[in-house]
1. If you check residue 173 against the conditions, is it in contact with a strand residue (DSSP E or B) (Cβ under 7 Å, 6 or more places away or on another chain), in the same structural domain as residue 423 (by TED's automatic domain parsing) and in a helix (DSSP H, G or I)?
2. Is it true that some residue in segment 409-432 is closer than 13 Å to residue 375 by Cα and touching a residue at least 60 places away in the same chain (Cβ under 8 Å)?
3. Name the residue, out of 349, 367, that is free of Cβ contacts under 8 Å to residues at least 12 places away in the same chain and over 30 Å from residue 266 (Cα atoms).
4. Working carefully through the options 376, 385, find the one that is in a helix (DSSP H, G or I), within 27 Å of the chain's Cα centre (by Cα) and at negative phi.
5. Right, residue 200: closer than 23 Å to residue 408 by Cβ, more than 26 Å from the chain's Cα centre (by Cα), touching a residue at least 40 places away in the same chain (Cβ under 8 Å) and in a helix (DSSP H, G or I) or not?
6. Out of (1) closer than 20 Å to residue 353 by Cβ; (2) modelled with pLDDT under 90, what's the single condition that is false for residue 315?
7. Please work out which one of (1) surrounded by fewer than 19 Cβ atoms within 10 Å (Cβ to Cβ); (2) under 24 Å from residue 238 (Cβ atoms) is the condition residue 177 fails and give its number.
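The values are calculated or read from the model by the stated rules, or taken from the named source; none is laboratory data. A quick note: this is a predicted structure, and the numbers were derived from the prediction, not measured. Positions of Cβ are generated from backbone atoms using ideal geometry, with glycine treated the same way; all protein chains shown enter the neighbour counts.
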C-alpha cells in the first residue's frame with residue numbers, strides 16, 4: 001500500500017514539474033499600447049473636459065448658482081430667542097421671536113414672552129409695509145434679479161470660452177497638420193536630391209555632383225527642422241486641450257476642405273442675437289433700467305404702515321384677555337434728498353453710457369465680420385489660383401526632367417524647377433489651412 005502511494009506521489013510531482021516547464025517555455029505575448037490618432041473633434045471633446053480655462057469657467061458657473069441661492073435666502077424665516085436674568089429680584093424672562101421679510105418690503109414678526117414670576121406671558125404680532133418711497137417688488141428683488149442676470153452672464157461666458165477653445169484647438173491642430181505635411185514634402189525633396197546625386201554620379205559630372213551634395217545636405221537640415229516643428233506643435237496642442245505634456249498624442253496629417261461662401265447679411269443678424277457681447281449687453285441693460293425705476297421711487301418721502309397686536313396670558317397660559325392692537329403711519333424724508341438724487345442721475349448716466357457701448361460693440365463687430373469675410377473670399381480666390389499654378393508647375397517639372405535626362409540643361413536648373421514645384425505645394429497647403437482657420441475665426445466672431 002505504501003509503495004502504491006509512493007508511486008502516485010512521484011507521478012503527480014513529475015506531472016506538475018512538466019506543467020511548469022511548459023508554462024515557462026510558452027512566452028507571454030507583450031501588450032502593446034495602441035496610440036490613438038486624434039481628430040479635431042476628439043481634441044475639442046477632450047479640451048471641453050480638461051482645458052484649464054474651461055474648468056475654471058465651469059467652477060465660476062457653480063459659484064454663480066450658489067450666489068443666487070444666497071440672495072434668495074433673504075426671505076427665509078429667522079428665529080431669535082433670549083433669556084433675561086433680573087439680578088435684584090432673581091427672576092428670569094424668556095423671549096422667542098419669529099421674523100420673516102417678504103417681497104415688496106413686507107415684514108412680519110411674531111413673538112412670545114414668558115415671565116417666570118407668576119407664569120405670565122405675552123404674545124405679539126407686528127406687520128409693517130413701506131407704502132411710499134420704496135417697497136416696490138423691483139426694489140425688494142433687486143439683489144435676486146441681479147444675481148440671476150449674473151448667473152446668465154457667467155453661463156454665456158462659459159459657452160464663449162468653449163467656442164474660444166474650439167478656435168484655439170483648430171489653430172493648434174492644423175499647426176501639427178501643417179508641420180506633418182511639410183515634413184512629407186521635405187522628405188520627398190530629400191529623396192529627389194539623392195536621386196539627382198545618383199544620376200550625377202552616373203554621368204560623372206563633378207559640378208552636378210557637388211551641387212547635388214549641397215542639395216542633399218540642405219534637405220536633410222530641412223527634414224530635421226520639420227521633425228522638431230512637429231514635436232513643438234504637438235506639445236502646444238496638448239497644452240491647449242489640457243493634456244499632460246509628457247503624454248503621447250498623434251494626429252492625422254490628412255485633411256480636406258469644402259469651399260463655401262458666407263452670407264454676411266444673415267450672419268450679421270445671427271451675431272446680433274447670439275454673440276456673447278450683444279447678449280451680455282442686453283442683460284446689463286436690464287439691470288440699469290431696473291435701477292433707474294428703483295432710484296426714481298427713492299426720491300419720494302418714505303412712508304411706512306405698521307400694525308401691532310399683543311395679548312397677555314393669565315397664570316394658566318390662557319390667552320383670553322383682550323387683544324391690544326394699533327396701527328401706525330410713519331414718514332421720513334431727508335431734506336434735499338441729495339444722495340438719492342445723485343444715485344438717480346448716476347443711473348441715468350449709466351444708461352447713456354450703455355447706449356454708447358452698444359454703438360461701439362456694433363461698429364467693432366460689424367467691422368470684424370466684414371474684414372474676415374473679405375479675407376475668406378480672398379483666400380478662396382488664392383486657393384483656386386494656387387491649384388492651377390500647381391498643375392502648371394507639375395507639367396513644367398516633367399518637361400525639365402526630360403531635358404535634364406537628355407543633357408540639355410544642368411542640374412542646377414532642374415533643382416530650381418523641383419524646388420518651385422514643392423514650394424507651390426507648400427503654398428497651396430498653407431492657403432488651405434489659412435482658409436480653415438479664418439473660417440473658424442468667422443464662426444467664432446458671429447457666436448456660432
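1. Considered against the rule, which asks whether it is in contact with a strand residue (DSSP E or B) (Cβ under 7 Å, 6 or more places away or on another chain), in the same structural domain as residue 423 (by TED's automatic domain parsing) and in a helix (DSSP H, G or I), residue 173 comes out as yes.
2. yes
3. Result: 349 is the single residue among 349, 367 that is free of Cβ contacts under 8 Å to residues at least 12 places away in the same chain and over 30 Å from residue 266 (Cα atoms).
4. When all the criteria are applied, what remains is 376.
5. Against the criterion (closer than 23 Å to residue 408 by Cβ, more than 26 Å from the chain's Cα centre (by Cα), touching a residue at least 40 places away in the same chain (Cβ under 8 Å) and in a helix (DSSP H, G or I)), residue 200 qualifies.
6. (1)
7. (1)
Each row is one residue, and each column tells you yes or no for (1) without any contact (Cβ under 8 Å) to a residue 24 or more places away in the chain; (2) within 51 Å of the chain's Cα centre (by Cα); (3) on the phi > 0 side of the Ramachandran plot.
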| position | (1), (2), (3) |
| --- | --- |
| 109 | yes, yes, no |
| 125 | no, no, no |
| 140 | no, yes, no |
| 144 | no, yes, no |
| 160 | no, yes, no |
